[in-house]
Amino acid sequence: MKDQAPTAPQTVYLKDYTPFGWTVEDVHLTFRLAPESTRVLARIHFAPAPDAPKQDFFLHGEELTLISAKIDGVAVQPALTAQGLTVSVPDGPFLWEAEVEIAPIKNTALEGLYMSNGMYCTQCEAEGFRKITYYPDRPDVMSVFTVRIEGDAPVKLSNGNPTDSGEGFAEWHDPWPKPAYLFALVAGDLVNHPDRFITTSGKDVELNIWVRPGDENKCAFGMEALKKSMRWDEEVYGREYDLDIFNIVAVDDFNMGAMENKGLNIFNSSCVLASPETSTDANFERIEAIIAHEYFHNWTGNRITCRDWFQLCLKEGLTVYRDSQFTSDVRSAPVKRIEDVIVLRARQFPEDQGPLSHPVRPESFQEINNFYTATVYEKGAEVIGMLKLLVGDEAYYKALDLYFDRHDGDAATIEDWLQVFEDSTGRDLSQFKLWYSQSGTPRVAVDETFEDGRYTLTLRQHSPDTANQTDKKPQVIPVAVGLLSPDGTEVAPTTVLELTENEQSFTFDGLTEKPVPSLLRGFSAPIVLERTTTAQEKTFLLAHDTDSFNRWEANRDLARDCLLAMIVEGAGPDQDWLDSLTKVLRDDTLDPAYRALMLGGPSNSDLAQVLFERGHTPDPDAIYDASETLAQYRAELWVDLLPRLAAEARVTAPYAPDAEQSGKRALGGAVLALQTRLDGGKAAQAQFDTADNMTLQLGALAQLVRAGQGEAALATFYDQWKDDRLVMDKWFGLQIGALPPAEAVSRASALTEHADFTMRNPNRFRATLGALAGYHAAFHQADGSGYRLLSDKLIALDDLNPQTTARMCSAFQTWTRYDDNRRSLMKAELERIKAKPKLSRDTDEMVSRILNA
Ligand code: BES
Ligand code: ZN
C-alpha cells in the first residue's frame, strides 16, 4: 500500500487559506518501536467543524505503509497518494483508527521519527508529523495528545506529563491542545541532569536535561540557562511555565539548532552541551540564547501558535526578539545589539537584495522548510523592535498582555498580532504592516541645513525593486537621532523621528552651532542609511557619540570606507581613522568586549555586499588582499599597544563563560591575531601549549594555522579530541577557515575524504562545507574549485538530507553580482544541481529561485 509517485512541485499561497473541515477532539498514539519497522497506532476522534467550507476528508501522510484503517470500528480502504489519503466519512463525529509502519533507521532526512546513535527521536516542525502517521498536519488543527511508547529503551519520553510506566512501556498526557508540529517522542539509553524550579505562583516543576552516557558533565550550564530563562519570562513578560515537567534532550544528528516541542525540547547537542574544555565562549553564549529561545516559545509559539506557515514570523520573529532581550539583560546590551546587527547585515541583507528576497510574511512557498530564513527570523525580530520603539515600552508590554489574554489557545495571524497593538494603543498600524508584506531593504538618504539656530534634517526613503516586487510604498521608519555640538557634548538627546512619507523634514530649534547628527542610533530600523558624511564627522562620532552602537558604527563605516578606497582606488590605509581608533583602544574605561568589537571590521563578504550596493562588481581576490594588507598594517602600527592590550585581556580568575571574561578573551583573541602577524606564531604557540579552555586553545590554533605553523598543533588537537564529536566539528571547520584561500579549498576537499567525515551528520557536513561556503575568497576561487566542491557535496547530500542541502544552496544566492567568469561558473554549478535526477523538492525550489535572479 505504499505509493511513491513523484510529485510536481506545488506552490501554496497565503490567499488560499481555508480551515480544515473537522476538529480533532483527541489523539491517542501508540508507538511499538523497532528500528526497521516501528508500528504507529492512532485513534483520533474527529467532529465536523461547523463553520468550515465543505471539503473531502484528507489526511496528510508521506512515506507511510498503511497496515489498516477503520472508521467507527469498520475497516475502510482510503485512496492513497504520495501526499496522503482521502476517504469518505460519516456526517457527524467519528473515530478514525489507523496502523502504519515506518522505518526510523532508514530516515536520514531527520524529519519525522528517526534514529540517532541508537536513540529514537522526532522532528515534526514544520511538516514532519505526516511521516509518523496520517493526520491533518497543519498548525491550526490543535488537539490534546495521549501517547504510549512501547520498547526496550530505558528512557521513553513524550510531551506533557508522565501518567504511567512499567516494564517496556511509558505513557504521557499533554493537557494543552497543540498542533502536530509540536509533538515529540524520544526513546533511548539516556542519562539525566535533574533540577527543579518553583514558579512564582508556587508550582514545582521537575527539570531534566537528557544526554548520552558520558555527556552528563556538560549539562550544568544549560540547566542554569534554563532556570534563568524561566525566571526572566516571569519577571519581564509575566509568563509562567504550565506543566509539571520540562525535559530537554540532546541529539547528535539534527538539522537545526533546537526545537520547542511542548514540554520536551529537542536540541542539537552542539546547542546544549557545554564545558570549558570543549566549548568556546561563543558556544556558551549561543547555548544560553537558544535554551532561552526554545523555552520562550512555550508562550510565543505553543500556547499561541500560527494559523498557517505564512505566519511563521509571528512565533519566530517575536521569540528571537525575546531571546535578544534576554541576552541583553543577562550579558551586555550594547554588545548584543552590535552582534545582532552584524548578523542581520551578514545574512539578511544579502538575502533581501537577491533572488531569495521575500517579505517577513511570505505570500507563497513550495517547501516551507526553505522559509526559516534570516528575513523571517532576524528581520522579523527587527520589526518587533521597531514596533516597541514606536509605541514605547509600557504600551508594548500592555499590548503583549492583551495578546496573551486574547489569543491563548489560538492559532493566530499577523493581523491578530497587530490588532492587539491597535486596540491597546489606539494607533493605526496599517502603514506599519507594510514591514510584513514588502520585501527589500529600504534606503534612507539624508540632507541637512542649518540656519538661525534651526537645524533641519530631510530624510528620503526609497525601497529598491526585489524579486517579484516593484513599486513599493513608503514605510514607517523609526529613525532614532541625537545631536552633538562640535565640542562633543550632546545637545539633543535621542529622539525617534517617524519617517512615514517618501520625503520628510524634521527641525531642531535653539541651537547655537551647527550640530553633528548621530543618526539611526541603536540601529533603530533595518535599513541602509545613505549619507555622504565626511570622514571627519565620522571620526568625531567615533570619539564622542554617547550612543554605543553609533560609536561602533562610526568606526565600522570608517573601516569600510578605508577598505573600499584600498580596493577600488588602490589607496593606502587611512591613517586619520587609525589614529582615532588607537585612542579608543587605549581607553581602558571602555569594556574589553566593546574594544574587541571595535577591532573587528566588515568581513570580506560584507565588503562584497557594500560594493554591490554601490554598483561595483566585487573582486574577491582584491577584497581579500586589501583586508590582509590592512591587518598587517595595523599589526605594525600597534606594535607597542598590543602587549598592553594583551595584558588587559588576561583573565586570572578560574574560567567562567560570563560576559566579562568572554569580553576579555575576545579582545585577547583579536590582539593575538595581530601579534601573530609580527611574531610568526610564537605567542600563539605559547597560548596553545598552556590553554586550559577551548576559547584559548582554538583561538591559538587558528592563528597558528593562519601563520602557516599549524600542522603539528592540528595533529595534537586531533589526538586530544578525536573522540569528542563536537570538538571534532571545530577541528574540521577551523583549518578550512584559517588557511589561505586556495589551500582552504584543497583542504576542504581532503577533509571530505577523512575517516571522520560523514554526510550523515549535519553538524559535520556544515562544519566542513559550511566553512568553505562562508570563506569568501576561498569559495570564490577564480578557477571555480570552491563552487565545484560545494555543489558536488550538495548533490550527494540531497539524497540523504534535502533540508540541509537546500539551506546550504544559499551560498550561491549572490552569483549574479560577480564577474562573467565567476557568474558562469556558479550558474553552471547551479544548473548541475538542478539537473540531478530525483532532486528533492526542497533543493529544487532553492536552486530554481536562485537561478531566476
Ligand atoms: N522552531 C525552530 C526550529 C525549527 C526550525 C524546526 C526549522 C523546523 C524547521 C526553533 O525554535 C528555532 O528557531 N531554532 C533556531 C535557533 C534560534 C535560537 C533562532 C535554530 O534551530 O537555528
Ligand atoms: Zn524558534
- Checked the stretch 778-813 for anything touching a Leu at 6+ places or on another chain (Cβ under 7 Å), aliphatic (A, V, I, L, M) and within 28 Å of E111 (Cβ to Cβ); matches are L789, L790, M808, A811
- Here the residues within the stretch 147-186 that are of a type in the set (S, T, N, Q) and buried (at least 20 other Cβ atoms within 10 Å of the Cβ) are S158, N159
- Taking the stretch 562-576 and keeping only residues that are surrounded by 14 or more Cβ atoms within 10 Å (Cβ to Cβ), outside any helix (DSSP H, G or I) and of a type in the set (G, A, S), one is left with A571
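Please specify each residue of the stretch 343-356 satisfying the condition of being touching a residue at least 40 places away in the same chain (Cβ under 8 Å) and either within 14 Å of S605 (Cα to Cα) or open to solvent by 10 Å² or more (accessible area, probe 1.4 Å) (or both). Talk me through it step by step, then tell me what you get.
Filtering the stretch 343-356 down to residues touching a residue at least 40 places away in the same chain (Cβ under 8 Å) leaves 344-346, 348-356.
Result: L344, R345, A346, Q348, F349, P350, E351, Q353, G354, P355.
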- Query: Just checking, how many residues over the stretch 373-395 are away from ligand 1 (no atom under 16 Å from the Cβ), within 20 Å of R521 (Cα to Cα) and part of a helix (DSSP H, G or I)?
  - Reply: 7
- Message: Given (1) open to solvent by 20 Å² or more (accessible area, probe 1.4 Å); (2) more than 22 Å from L674 (Cα to Cα); (3) at pLDDT 95 or above; (4) among the β-branched types (V, I, T), identify the lone condition not met by I527.
- Response: (1)
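For the stretch 190-198, does any single residue satisfy the condition of being in contact with a Pro (Cβ under 7 Å, 6 or more places away or on another chain) and farther than 23 Å from W299 by Cβ? I'd like the intermediate steps shown before the answer.
At the first step, the residues of the stretch 190-198 found to be in contact with a Pro (Cβ under 7 Å, 6 or more places away or on another chain) are 191.
Subsequent filtering for residues that are farther than 23 Å from W299 by Cβ retains 191.
Checked against the condition, which is being in contact with a Pro (Cβ under 7 Å, 6 or more places away or on another chain) and farther than 23 Å from W299 by Cβ, the stretch 190-198 yields at least one hit.
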- Selection count, the stretch 118-129, where residues are more than 13 Å from A184 (Cβ to Cβ) and within 25 Å of the chain's Cα centre (by Cα): 2
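Can we say A289 is under 22 Å from T804 (Cβ atoms), within 8 Å of ligand 1 (Cβ to nearest atom) and in contact with a Ser or Thr (Cβ under 8 Å, 6 or more places away or on another chain)? Can you show your working first?
On the way: under 22 Å from T804 (Cβ atoms): yes; within 8 Å of ligand 1 (Cβ to nearest atom): yes; in contact with a Ser or Thr (Cβ under 8 Å, 6 or more places away or on another chain): yes.
Yes; evaluated as a whole, the condition is true for this residue.
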- Which condition number does G238 fail, the rest of (1) at positive phi; (2) within 16 Å of ligand 2 (Cβ to nearest atom); (3) not basic (K, R) being met? (2)
- Note on the structure: Exactly one of T30, T86 is of a type in the set (S, T, Y), closer than 26 Å to A184 by Cβ, open to solvent by less than 60 Å² (accessible area, probe 1.4 Å) and at pLDDT 95 or above, and that residue is T30
- Number of the exception - C271 against (1) crowded, with 20+ Cβ neighbours inside 10 Å; (2) away from ligand 2 (no atom under 16 Å from the Cβ); (3) free of Cβ contacts under 8 Å to residues at least 60 places away in the same chain: (2)
- Which number in (1) open to solvent by less than 30 Å² (accessible area, probe 1.4 Å); (2) away from ligand 2 (no atom under 16 Å from the Cβ); (3) part of a helix (DSSP H, G or I) marks the one condition that K398 misses? (1)
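A quick yes/no check of all residues on (1) over 23 Å from S201 (Cβ atoms); (2) open to solvent by 10 Å² or more (accessible area, probe 1.4 Å); (3) within 12 Å of ligand 1 (Cβ to nearest atom); (4) of a type in the set (K, R):
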residue: F221; (1), (2), (3), (4): yes, yes, no, no
residue: M230; (1), (2), (3), (4): no, no, no, no
residue: D233; (1), (2), (3), (4): no, no, no, no
residue: V236; (1), (2), (3), (4): no, yes, no, no
residue: N247; (1), (2), (3), (4): no, no, no, no
residue: F267; (1), (2), (3), (4): yes, no, yes, no
residue: E277; (1), (2), (3), (4): yes, yes, no, no
residue: E285; (1), (2), (3), (4): yes, yes, yes, no
- Note on the structure: Expected single match for open to solvent by less than 40 Å² (accessible area, probe 1.4 Å), out of contact with any Leu (no Cβ under 7 Å at 6 or more places or on another chain) and not β-branched (V, I, T) among A126, A75 is A126
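State yes or no: is A767 under 19 Å from the mean Cα position of the chain (by Cα) and either at pLDDT 95 or above or on the phi > 0 side of the Ramachandran plot (or both)?
Values: under 19 Å from the mean Cα position of the chain (by Cα): yes; either at pLDDT 95 or above or on the phi > 0 side of the Ramachandran plot (or both): yes.
Answer is yes for this residue.
Check E530, E569 and return the single one that is farther than 16 Å from V479 by Cα and among the acidic types (D, E).
Values: E530 fails: farther than 16 Å from V479 by Cα.
Result of the check over E530, E569: E569.
So which of V205, V211 is touching a strand residue (DSSP E or B) at 6+ places or on another chain (Cβ under 8 Å), more than 16 Å from ligand 1 (Cβ to nearest atom) and closer than 30 Å to A702 by Cβ? It would help to see each step written out before you state the result.
On the way: V205 fails: closer than 30 Å to A702 by Cβ.
Within the list V205, V211, the selection yields V211.
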- Across (1) open to solvent by 10 Å² or more (accessible area, probe 1.4 Å); (2) hydroxyl-bearing (S, T, Y); (3) more than 13 Å from the chain's Cα centre (by Cα); (4) within 15 Å of ligand 1 (Cβ to nearest atom), T300 clears everything bar (1)
- Residue that is farthest from R454 (Cα to Cα) [pool: residues in the stretch 501-524 that are open to solvent by 20 Å² or more (accessible area, probe 1.4 Å) and of a type in the set (S, T, N, Q)]: N502
- Message: Residue pairs, Cβ under 6 Å, 6 or more apart or interchain, first in the stretch 305-322 and open to solvent by 10 Å² or more (accessible area, probe 1.4 Å), second within 10 Å of ligand 1 (Cβ to nearest atom). List them.
- Response: W309/A126; W309/I368; V320/Y377; V320/A381; Y321/A381
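Does T23 fit the bill of being in contact (Cβ under 8 Å) with a residue 12 or more places away in the chain, hydroxyl-bearing (S, T, Y), out of contact with any Asp or Glu (no Cβ under 9 Å at 6 or more places or on another chain) and buried (at least 18 other Cβ atoms within 10 Å of the Cβ)?
Numbers: in contact (Cβ under 8 Å) with a residue 12 or more places away in the chain: yes; hydroxyl-bearing (S, T, Y): yes; out of contact with any Asp or Glu (no Cβ under 9 Å at 6 or more places or on another chain): yes; buried (at least 18 other Cβ atoms within 10 Å of the Cβ): yes.
Answer is yes for this residue.
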- Unmet requirement for S439, which otherwise passes all of (1) touching a residue at least 24 places away in the same chain (Cβ under 8 Å); (2) touching a strand residue (DSSP E or B) at 6+ places or on another chain (Cβ under 7 Å); (3) open to solvent by 10 Å² or more (accessible area, probe 1.4 Å): (3)
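Rundown of residues vs (1) part of a loop (DSSP other than H, G, I, E, B); (2) open to solvent by 10 Å² or more (accessible area, probe 1.4 Å); (3) touching a His at 6+ places or on another chain (Cβ under 8 Å), yes/no style:
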{"position": "A767", "(1), (2), (3)": "no, yes, no"}
{"position": "G770", "(1), (2), (3)": "no, yes, no"}
{"position": "G786", "(1), (2), (3)": "no, no, yes"}
{"position": "L790", "(1), (2), (3)": "no, no, no"}
{"position": "T805", "(1), (2), (3)": "no, no, no"}
{"position": "M808", "(1), (2), (3)": "no, yes, no"}
{"position": "I833", "(1), (2), (3)": "no, no, no"}
{"position": "D842", "(1), (2), (3)": "no, yes, no"}
{"position": "R849", "(1), (2), (3)": "no, yes, no"}
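Could you say which residue among E240, E288 is more than 30 Å from G733 (Cα to Cα) and either outside any strand (DSSP E or B) or at pLDDT 95 or above (or both)?
Details: E288 fails: more than 30 Å from G733 (Cα to Cα).
E240 is the lone residue from the list that is more than 30 Å from G733 (Cα to Cα) and either outside any strand (DSSP E or B) or at pLDDT 95 or above (or both).
Could you go through the stretch 319-329 and let me know if any residue there is of a type in the set (G, A, S), within 12 Å of ligand 2 (Cβ to nearest atom) and modelled with pLDDT of 95 or more. Show your work before the answer.
Step one: of the stretch 319-329, the residues of a type in the set (G, A, S) are 324, 328.
So of that shortlist, the ones also within 12 Å of ligand 2 (Cβ to nearest atom) come out as none.
No, every residue in the stretch 319-329 fails to be of a type in the set (G, A, S), within 12 Å of ligand 2 (Cβ to nearest atom) and modelled with pLDDT of 95 or more.
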- Note on the structure: Of the residues in the stretch 595-609, those that are assigned to a helix (DSSP H, G or I) and either open to solvent by 20 Å² or more (accessible area, probe 1.4 Å) or out of contact with any Leu (no Cβ under 9 Å at 6 or more places or on another chain) (or both) number 6
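The values are calculated or read from the model by the stated rules, or taken from the named source; none is laboratory data. All values reported here derive from a predicted model rather than from experimental measurement. Cβ: placed from backbone, ideal geometry, glycine included. Neighbour counts: every protein chain shown. For the accessible areas, the whole protein counts, side chains as well, though only heavy atoms, and no ligand, DNA or RNA atoms are used. Shrake-Rupley method; radii C 1.70, N 1.55, O 1.52, S 1.80 Å.
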